[in-house]
Amino acid sequence: MIKIASILTDIQYGETNPLISVLINTLHTKEIRIVFKKGQEMTSHKAAYPIVVTVIDGSIDFGVDSERLNLEKGMIIALEANMLHDLKATKDSIVLLSMNKSVTGKH
């Protein structure tokens with residue numbers, strides 16, 4: 001089966017919170033677009049699977065392991081499962097979250 005989606009079409013912003021859209025969801029992967037207005041944030045949370053976060057547009061203040069990282073357009077960060085992290089948009093931003101559902105944090 002082939003699935004196709006576009007990260008850059010039908011962009012909408014949530015009034016008070018980031019707008020989250022599942023673009024592709026298969027047995028092994030989940031691709032999620034998160035659209036932020038400047039100042040919107042996702043508070044500290046964990047993902048049950050390893051993730052890769054790609055900044056498609058804008059700028060994100062990314063917190064992980066008591067570090068603050070400034071992720072600009074085009075930058076990518078990879079996290080293992082169950083790592084506490086948070087995101088805050090310093091500009092209007094579009095982020096792609098790629099989740100590898102084939103691997104869990106349980107060893």
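Data overview
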{"read-out": "Once exposed loop trypsin sites (Lys or Arg not before Pro) are cut out (DSSP; at most 15 other Cβ, 10 Å), longest piece of the chain", "value": "4-37"}
{"read-out": "Within-11-Å neighbourhood charge of Asn25 [Cβ basis; K, R +1; D, E -1]", "value": "+2"}
{"read-out": "Whichever lysines have a C-alpha closer than 20 Å to that of Lys30, once near sequence neighbours (fewer than 8 apart) are set aside", "value": "Lys3, Lys46, Lys101, Lys106"}
{"read-out": "At R0 = 25 Å, FRET efficiency that the Cβ-Cβ distance of Glu72 and Ile2 yields, to 0.05", "value": "0.20"}
{"read-out": "Compactness relative to 2.2 N^0.38 Å, alpha carbon Rg of the chain", "value": "1.04"}
{"read-out": "Environment charge at Ser98 (Cβ cut-off 12 Å; Lys +1, Arg +1, Asp -1, Glu -1)", "value": "+2"}
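Quick note: the coordinates plus some simple rules give every number you see, no bench work behind them. It should be emphasised that the depicted structure is a prediction, and the values quoted were computed from it without experimental measurement. Heads up, the Cβs are rebuilt from the backbone with ideal geometry, glycines too, and the neighbour counts pull from every protein chain shown.
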